[in-house]
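The values are calculated or read from the model by the stated rules, or taken from the named source; none is laboratory data. Treat the numbers as computed from the prediction; the structure is a model and nothing was measured. All Cβ positions, glycine included, derive from the backbone under ideal geometry; neighbour counts span all protein chains shown. Accessible surface is based on the protein model in full, side chains and every heavy atom, while ligands, DNA and RNA are left aside. Shrake-Rupley method; radii C 1.70, N 1.55, O 1.52, S 1.80 Å.
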Amino acid sequence: MIEITATDLRKDLFSILDRIVETGEDLRVTRKGKATVTFKARLASTSEVEQRAARFDAAMAMGVREDDAKYDPGDITDGSHLDWAPEDTPR
């Protein structure tokens, strides 16, 4: 098992990920000396990746707000767009 601090992980993320892929070791990350997160090494199979991609494609094919026939994504005057102003932030 690789044990590392969050700072060291940030500095060397890609080489650590390469090592995990090559060796299959687990990774334990410690932050501020007490919080610990453990990652179990497991490579996703091709079928899992394909299933995830198929679910994503199906969700994207549904479109945005498909249930609202009146929705026009180019119309920002209908009041259904998101708007944020600093005064909207709760204190």
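Could you tell me the calculated FRET efficiency between Asp8 and Ala41, based on Cβ-Cβ distance and R0 = 22 angstrom, to the nearest 0.05?
0.75
For Asp26, what charge total do you get from the other residues with a beta carbon under 13 Å from its beta carbon, if Lys and Arg give +1 and Asp and Glu give -1? All intermediate terms of the calculation are to be shown ahead of the outcome.
Details: positive: Arg19, Arg28, Lys40, Arg42; negative: Glu3, Glu25.
Combined, the nearby Lys, Arg, Asp and Glu give +2.
So how far apart, in nm, are the two label points at Val49 and Met1 if each is 7 Å from Cα heading toward Cβ?
2.8 nm
Quick query: amide H of Glu25 versus all other amide H atoms, modeled in the peptide plane; which residues come in under 5 Å with a sequence gap of 5 or more or a different chain?
Residues meeting the criterion, in which the H sits 1.01 Å from N, do not exist here.
Show me, for the stretch 27-36, the HN-Hα J-couplings you get by feeding each phi into the Karplus relation (A = 6.51, B = -1.76, C = 1.60, θ = phi - 60°), rounded to Hz, glycine and proline as x.
For the stretch 27-36, the Karplus curve yields 10, 10, 10, 10, 10, 6, x, 9, 6, 10 Hz.
How much solvent-accessible surface does Lys40 expose, in Å² to the nearest 10, with a 1.4 Å probe and all protein chains in place?
Rounded to the nearest 10, that gives 150 Å².
Within the set of other residues whose C-beta is less than 11 Å from the C-beta of Arg42, count the net charge using Lys and Arg as +1 and Asp and Glu as -1.
-1
Of Val29, Val49, which has the most accessible area and how do the rest follow, probe 1.4 Å?
Greatest to least solvent exposure: Val49, Val29.
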